[in-house]
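In what follows, a single structure is set out as structure tokens and then discussed.
Values in this text are rule-based calculations from the coordinates and carry no lab data. If you're wondering where the values come from, they're calculated on a predicted model, not measured in any experiment. Reconstructed Cβ throughout: ideal geometry from the backbone, glycine too, with neighbour counts over all protein chains shown.
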Amino acid sequence: MITAPVNMPTADQALARLQAGNARFVSGQMTHPHQTPGRRNELIRSQQPFATVLTCSDSRVPPEILFDQGLGDIFVIRNAGNIADEIVLGSIEYAAAHLHTPLILVLGHAKCGAVAATASGAQLDGHLPAIAAAIQPAVVKAKTMPGDLVDNAVRENAKLVAKQIETSMPILAPLVAAGTLKVLPARYDFATGKVDVLPMTPGGTPWGPMPTGQPITKTEVLRVQQAWADGIVAIGQAYTNRGDYRAVAANHVDTLYAYNLGTVLFKPTKAAQNQFRLNREEALSYFVGGVVPEDKGFALQPWSAVRFVNAEILLHGNTATAMGNYFFTDVNTGTETKVEFTFGYVRGADGKLRINVHHSALPYNPVA
Ligand SMILES: [Zn+2]
């Protein structure tokens, strides 16, 4: 049982403190609290920040300045687009469960470059596609709204990330349910200097499991494709780093494919003798070698990046089909290999999307 320190404010008190600091910043009446050597000395043994702020890396959005706070006041997590991946969620869990911060503010901002780049649909290089994939659900939502696409996506992104944090298991969701933790989305405006708390979006999250029978959405399909791409890269990284790549591959197959529901129709690219992998062991063998002698371990290449380009995604209630190309970047040469895919998706009893059809092939080459 985790108990909060006695002098920790409530979430509402913490919010009021942030808002008071922001009001000082807006009016130019900053007091720059807690920035003396004395304060620094006070904090040598421990910290007790009263709020956690997840915000963008944008150089114009430093939360200590926007909220006129000092040393030891706020626990800050920043990345381009204020998104929440495993590492961010772990950081928030540390702040909430161990430092007992009662409030988490997810702070987006006007004219966010990460959101604008995602909304533009432009081709992104290096590791930027991972950021765009995380912001994409907000863009998809914003496209259904009137008004400015980027600004609506900034708001939706903050709300969806807040919802993602609020429903995160096993640590944060129970703290929220117990009333000891509050998660709020907010938006910072450069022109006014003001931070406004946004209304939370009711209902489910595109990241979490949905109830069985709930129609599959395009956003969910994109998320599973990104998870598949991340999984292939992760297997290769584990292999390169002499980690337990077989365990990573087993997790990849078990969380993304529907072998737990029955037969999966899987036709991998580089298979000649055993073309169709209808059971889990043969699928696993394809990725890392195993029961099928011809397998060299597709994911052990290794690949540094995988990106999906869908020709189209068809949604049919509780199933979905996607067709297109995916591109695999070789770690050593940096060259991309284009491969064609067809994926089928179903929703399992646990609400999670899983692959039940996967056909992969090298494109037709008339001169070969
Ligand atoms: Zn930004």
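Just need the relative contact order of the chain here, percent rounded to a whole number, with Cα pairs under 8 Å and 6+ apart. All intermediate terms of the calculation are to be shown ahead of the outcome.
Numbers: 699 pairs, mean separation 44.7, N = 368.
Relative contact order of the chain: 12 percent.
Starting from the 7 Å offset along Cα-to-Cβ, what nm value, one decimal, do you get for the label separation of Leu362 and Thr31?
About 7.0 nm, to one decimal.
Among rounded, prolate and oblate, which fits region 90-231 when a ≥ b ≥ c are the square roots of the eigenvalues of its C-alpha gyration tensor, a/c under 1.5 means rounded, and a/b larger than b/c means prolate?
It comes out oblate by the Cα gyration axes.
Go through region 29-36 residue by residue and turn each phi into a ³J(HN,Hα) via Karplus (6.51, -1.76, 1.60, θ = phi - 60°); whole Hz please, and just put x for glycine and proline.
For region 29-36, the Karplus curve yields 9, 5, 9, 6, x, 6, 10, 9 Hz.
So who's got an amide H within less than 5 Å of the one on Thr319, skipping anything under 5 residues away but keeping other chains? H placed 1.01 Å off N, in plane.
So Thr319 has HN proximity to Ile216.
Mind checking the dipole of the chain: about its Cα centre, +1 per Lys or Arg Cβ, -1 per Asp or Glu Cβ, Debye to the nearest 20?
Numbers: 30 positive and 29 negative charges, 54 e Å.
Around 260 debye, computed over the chain.
So what are the radius of gyration and Dmax for the Cα set of region 218-361, in Å?
Values for region 218-361 (Cα only, Rg and Dmax): 14.3, 42 Å.
Rounded, prolate or oblate: pick one for region 249-304, where a ≥ b ≥ c are the square roots of the eigenvalues of its C-alpha gyration tensor, a/c under 1.5 means rounded, and failing that, prolate if a/b is larger than b/c, else oblate.
It comes out oblate by the Cα gyration axes.
Restricting to lysines 8 or more places apart or on different chains, can you count the pairs in the chain with Cα atoms under 16 Å from each other?
12
Is the shape of region 1-87 rounded, prolate or oblate, going by the alpha carbon gyration tensor and its root eigenvalues a ≥ b ≥ c, with a/c under 1.5 for rounded and a/b larger than b/c for prolate?
Cα axes put region 1-87 in the rounded bin.
Taking just the alpha carbons, could you work out the radius of gyration and Dmax for the chain, both in angstroms?
Taking only Cα atoms of the chain, I get Rg and Dmax of 23.1, 75 Å.
Taking amide H positions as placed in the peptide plane 1.01 Å from N, state which residues far from Ala51 in sequence (5 or more) or on other chains have amide H under 5 Å from it.
Distant-sequence amide H within range of Ala51: Phe75.
So for region 114-200, averaging the separation of alpha carbon pairs under 8 Å that are six or more residues apart and normalising by length, what relative contact order in percent results?
On the way: 94 pairs, mean separation 18.4, N = 87.
21 percent.
Express in whole angstrom the spacing between the alpha-carbon centres of region 106-178 and region 35-89.
About 20 Å separates the Cα centre of region 106-178 from the one of region 35-89.
Cα axis of helix 218-240 to longest principal axis of the chain: angle in degrees, 0 to 90, nearest 10?
The angle comes out at about 80 degrees.
Counting only chymotrypsin sites (Phe, Trp or Tyr not before Pro) that are in a DSSP loop and have at most 15 other C-beta atoms within 10 Å, tell me the longest site-free stretch of the chain.
Details: sites that count: Phe190, Phe276, Tyr364.
Excluding the exposed sites themselves, the longest stretch runs over 1-189.
Just want to confirm a number: the relative contact order over region 270-368, from Cα pairs under 8 angstrom separated by 6+ residues, in percent.
With pairs under 8 Å counted, the relative contact order is 16 percent.
Can you tell which of Leu222, Pro293, Val331 lies farthest toward the positive end of the dipole of region 218-361, using +1 and -1 charges on the Cβ of basic and acidic side chains (Lys, Arg; Asp, Glu)?
Working it through, the farthest residue towards the positive pole turns out to be Leu222.
To make sure I understand, if each residue's beta carbon is the centre and we count other beta carbons within 10 Å, what order do Glu220, Glu312, Glu93, Glu294 fall in, fewest to most?
With the fewest neighbours first, Glu220, Glu312, Glu93, Glu294 line up as Glu312, Glu294, Glu93, Glu220.
For region 102-153, which trypsin sites (Lys or Arg not before Pro) pass both filters: DSSP loop (anything but H, G, I, E, B) and at most 12 other C-beta atoms within 10 Å?
Lys143
Using the Karplus curve 6.51 cos²θ - 1.76 cosθ + 1.60 with θ = phi - 60°, what ³J(HN,Hα) values do you get for each residue of region 320-334, in whole Hz, with x for Gly and Pro?
8, 9, 10, 9, x, 10, 10, 10, 10, 9, 6, 4, 7, 9, x
Which loop-located trypsin sites (Lys or Arg not before Pro) does region 26-102 contain, where loop means any DSSP state but H, G, I, E or B and the Cβ has at most 14 other Cβ atoms within 10 Å?
Sparse-neighbourhood loop trypsin sites (Lys or Arg not before Pro): Arg45, Arg60.
Of the options Gly147, Gln237, Val76, report the single residue whose Cα projects farthest towards the positive end of the charge dipole of the chain (beta-carbon charges: Lys, Arg +1; Asp, Glu -1).
Most positive-ward Cα: Gly147.
Dimensions of region 307-359 along principal axes (Cα, Å, largest first)?
Dimensions of region 307-359 along the principal axes of its Cα atoms: 41, 22, 14 Å.
Please sort by residue number the trypsin sites (Lys or Arg not before Pro) in region 217-251 whose DSSP state is loop and whose Cβ has at most 14 other Cβ atoms within 10 Å. It would help to have the intermediate numbers written out before the result.
On the way: sites: Lys218, Arg223, Arg242, Arg246; in loops: Arg242.
Qualifying residues, ordered by number: Arg242.
Given Cβ point charges of +1 (Lys, Arg) and -1 (Asp, Glu) and nothing else, what value in debye, to the nearest 20, does the dipole of region 11-197 about its Cα centre take?
Its charge dipole is roughly 240 debye.
If you average the C-alpha positions of region 290-354 and of region 220-237 separately, how far apart do those two centres end up, in angstrom?
Between the Cα centres of region 290-354 and region 220-237 lies a distance of 8 Å.
Sorted from fewest to most neighbouring beta carbons within 10 Å, what does the list Arg307, Arg277 look like? Numbers along the way, then the final one.
On the way: Arg307 19, Arg277 26.
Listing Arg307, Arg277 from fewest to most nearby Cβ atoms yields Arg307, Arg277.
What are the ³J(HN,Hα) values, in whole Hz, obtained from phi via the Karplus relation 6.51 cos²θ - 1.76 cosθ + 1.60 with θ = phi - 60°, for each residue of region 54-71 in sequence order, with x given for Gly and Pro?
With the stated coefficients, region 54-71 comes to 9, 9, 6, 6, 2, 5, 8, 10, x, x, 4, 7, 4, 9, 6, 10, x, 5 Hz.
Tell me the label-point distance for the pair Leu278, Asp330, using the 7 Å Cα-to-Cβ offset, in nm and rounded to one decimal.
Taking the simple label geometry, Leu278 and Asp330 are separated by 3.5 nm.
Between Asp350 and Gln123, what is 0.36 nm times their sequence separation minus the Cα-Cα distance? Round to one decimal in nm.
Computed gain between Asp350 and Gln123 is 78.3 nm.
Per DSSP helix of 4 or more residues, -39500 (n - 2.57); summed, then divided by the residues of the chain. What does that give at 222 nm, rounded to the nearest 500?
Helix contribution divided over all residues of the chain: -10500 deg cm²/dmol.
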